Amino acid sequence: MVTIQNFIKDRGALFYLGVFWFFITVPALAIMARYDWNYTSLIRFGHRYIEQNESFTPKGAVRLLGNERFGGNGYDGQIFYYYARTLYVPETWPSGFSNAYRAPRVGYPFLVAPFSIFGNRGVAAGMILVQIAVTSTAIYCLFLLLPPTRRYLVLLFALSPFLLQSMLFLVSDSIMISLFIMGWYFFQKKQRSRTLLALALFSIAVLTKESSLFLLFPLGLWALLRGDTRLAALLLGALVPMAAWQFYLFRAHGMVPASILSIFLSPLSGIRGVLAQTLDMFQTRPLPLSDLGRQTAKLFLIAIIPLGIWASTARLNLSSNFRNLMNTFREPGIPFRGGALLVILSVLIADFQYFWGIFENVGRMFTALVPAIILARGYEKSLDRSIVFFGIAVLTLSALVWLRFIFLTPAFPFDIYQPYTGPHYGLP
């Protein structure tokens with residue numbers, strides 16, 4: 001980290017953006033190359049869901065075939081696509097998905113939906129453009145938020161393996177954390193117009209994914225401790241659009257949150273499942289080398305958990321004196337440390353089947369951890385070894401995930417979707 005700091009200490013924001021664009025573009029092109037350079041391959045349309053939403057599917061889109069093991073069900077990017085494509089169509093919801101579970105997460109589709117004026121392929125392109133534009137803006141805002149001596153930490157966000165996974169699968173985690181960073185930047189400007197913009201960004205972040213509350217909740221407690229009524233009112237206001245949207249869904253469509261709470265309340269079952277799966281893999285002969293990289297990455301995530309805890313709680317140095325204790329909790333890095341701990345806790349209690357059993361799913365759960373650590377450490381006068389170890393862990397995992405996308409991710413069976421234009425025969 002010291003060498004990196006000396007190398008990039010005088011670099012401008014364009015350097016970090018250039019690194020980010022290279023980091024995201026190479027694996028994206030590697031994925032597209034496996035599917036005849038078709039950019040819709042990043043959305044991962046599954047044939048089962050195309051059958052139920054044909055009129056909203058782009059002509060010429062990559063359609064994944066086969067069963068779930070071979071990608072035939074697609075991935076969550078298609079959910080956000082269909083949601084965005086139908087958002088402006090009255091009384092129309094995508095078919096085949098859990099509306100009660102997906103409908104509250106309207107933030108990403110809301111940003112993409114204006115591309116509907118360009119039709120299905122316009123929305124497909126908008127899925128990618130919104131990801132790049134929003135995340136690039138967040139990187140620039142994070143660069144401006146940090147003091148000049150800490151700006152090299154932006155590299156950890158630009159090269160985050162969790163951000164990379166979210167963007168390459170066109171899902172909402174990267175959008176959520178980027179909106180939060182942008183909101184925090186504009187809040188710091190202390191101008192009425194900027195405060196209103198921060199309110200809008202925080203509100204959309206909450207509507208994008210509920211995990212944004214892992215960062216907003218500690219900020220709210222911090223605001224109360226400091227007596228910062230401006231920040232407290234802003235954060236409360238950011239919850240109003242989410243509550244209003246939930247109320248609308250319930251009143252107009254009868255949608256209530258899906259009963260999936262048990263998925264999030266399975267302490268350590270996911271990690272135990274990964275360890276058991278790894279032991280089974282090494283007992284298999286011949287050793288399945290195709291699974292080795294994925295399992296290694298999962299085990300590395302387990303290693304990141306204690307490192308994240310260490311990095312987010314180091315140097316608190318709480319005094320037994322109550323006044324000093326309160327002063328410590330007023331420091332600007334404290335709420336972001338709290339946010340990092342909540343992110344880690346959410347991963348620890350996630351189950352194996354839906355999260356830890358799927359590398360992409362568990363990896364995305366860590367997306368908010370890296371910027372939380374960066375913001376926490378960015379306000380400190382000195383850095384200790386914890387951030388060094390955390391940075392090395394993140395960058396090492398980034399290299400593994402980056403190389404996996406480029407060299408190890410297989411091309412699933414697919415064809416190119418063409419809507420049927422022949423005659424339709426009615427039943428006799």
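Could you tell me which chymotrypsin sites (Phe, Trp or Tyr not before Pro) in segment 58-98 are loop residues by DSSP with no more than 16 other beta carbons within 10 angstrom of their beta carbon? Walk me through the numbers on the way to the answer.
Values: sites: Phe70, Tyr75, Phe80, Tyr81, Tyr82, Tyr83, Tyr88, Phe97; in loops: Tyr75, Tyr88, Phe97.
In loop regions of segment 58-98 (DSSP not H, G, I, E or B), the sparsely surrounded chymotrypsin sites (Phe, Trp or Tyr not before Pro) are Tyr88.
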Using a 1.4 Å probe and ignoring any ligands, DNA or RNA, find the accessible area of Ser95 and quote it in Å² to the nearest 10. 50 Å²
For segment 36-130, what does the relative contact order come out to in percent, with C-alpha contacts under 8 Å and a separation of six or more? 28 percent
Under the Karplus relation 6.51 cos²θ - 1.76 cosθ + 1.60, θ = phi - 60°, what is the ordered set of whole-Hz ³J(HN,Hα) values for segment 406-411, x standing for Gly and Pro? 7, 10, 10, 5, x, 8
Going through segment 189-263, which trypsin sites (Lys or Arg not before Pro) have at most 12 other Cβ atoms within 10 Å and a DSSP loop state? Lys189, Lys190
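Give me the number: length gained by fully extending Trp21 to Ile349, i.e. 0.36 nm times residue separation minus the C-alpha to C-alpha distance, one decimal in nm.
Gain in length upon complete extension: 114.7 nm.
Let me know the volume per residue of the alpha-carbon convex hull for segment 21-70, in Å³. Write out the running numbers ahead of the final one.
Values: hull volume 4.4 nm³, N = 50.
It comes to 87 Å³ per residue, whole-number rounded.
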Just want the answer: with Cβ charges of +1 for Lys and Arg and -1 for Asp and Glu, which residue in Ser160, Val123, Ser174 is farthest toward the dipole's positive end in segment 62-179? Ser160
Among the aspartates and glutamates, which have Cα under 16 Å from the Cα of Lys209 when same-chain residues fewer than 8 positions away are ignored? Asp76, Asp173
Dimensions of segment 72-146 along principal axes (Cα, Å, largest first)? 44, 27, 27
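The values are calculated or read from the model by the stated rules, or taken from the named source; none is laboratory data. The structure presented is a predicted model; accordingly, all values stated were derived computationally and were not measured. With ideal geometry, Cβ positions are generated from the backbone for all residues, glycine too; neighbour counts draw on all protein chains shown. Surface areas here come from the heavy atoms of the whole protein model, side chains and all, with no ligands, DNA or RNA. Shrake-Rupley method; radii C 1.70, N 1.55, O 1.52, S 1.80 Å.
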